[in-house]
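Since the structure comes first, as C-alpha cells, the remarks are kept for the end.
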Amino acid sequence: MESYTTLIEAINALKNQGYTEDFNLKENCIHCNNGKYQLSPDDFNVDKVFRFEGESDPEDQSVLYAISSEKYKIKGILVNAYGIYSEGGANEIMKKLKVH
C-alpha cells in the first residue's frame, strides 16, 4: 500500500500516476475542468484515499481522494478537510466518498 508523509508528496505522486484533474466538491456532484465535467456518484470511482494531519496542529486534518471516471475517461484528485472542518456536500456524494 502506498504511504506518503505529506499531502503535497501524495498529490505529486498521484499526478505522476495520471490523476491530473482537480475535482471540486459541489452540492450534488463533483466537477472539474471549470465545470466541463459534472460527475454524479454513479459516474466515478474512488480508487485511493489518504488522510493527513498537520504537524503543528492535529486539528489540521485533510483527506485526499484519487478519483477516476470510466465514463469520461478522466482521473483526478479531490482534497477535503475531515472532521469538524469537512466541507459538506450532497448525501449521495458524501456516502460514496466515505465508503473508502
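The values are calculated or read from the model by the stated rules, or taken from the named source; none is laboratory data. Just so it is clear, the structure is predicted and the values come from calculations on it, not from any experiment. Glycine gets a Cβ as well: all are built from the backbone with ideal geometry, and neighbour counts include every protein chain shown.
Brief remarks on what is shown
- Residue identified as of a type in the set (A, V, I, L, M), within 11 Å of the chain's Cα centre (by Cα) and at pLDDT 90 or above among 63, 46: 46
- Each residue in region 1-29 was checked for being surrounded by fewer than 17 Cβ atoms within 10 Å (Cβ to Cβ), at pLDDT below 90 and among the aliphatic types (A, V, I, L, M), and 1 pass.
- So residue 83, is it at pLDDT below 85 and touching a strand residue (DSSP E or B) at 6+ places or on another chain (Cβ under 9 Å): yes
- Residue match in region 4-22 (condition: in contact (Cβ under 8 Å) with a residue 24 or more places away in the chain, more than 14 Å from residue 77 (Cα to Cα) and in contact with a helix residue (DSSP H, G or I) (Cβ under 7 Å, 6 or more places away or on another chain)): yes
- Index of the failed condition, residue 8 passing every other in (1) under 14 Å from the mean Cα position of the chain (by Cα); (2) under 19 Å from residue 97 (Cα atoms); (3) not in a strand (DSSP E or B); (4) not polar (S, T, N, Q): (2)
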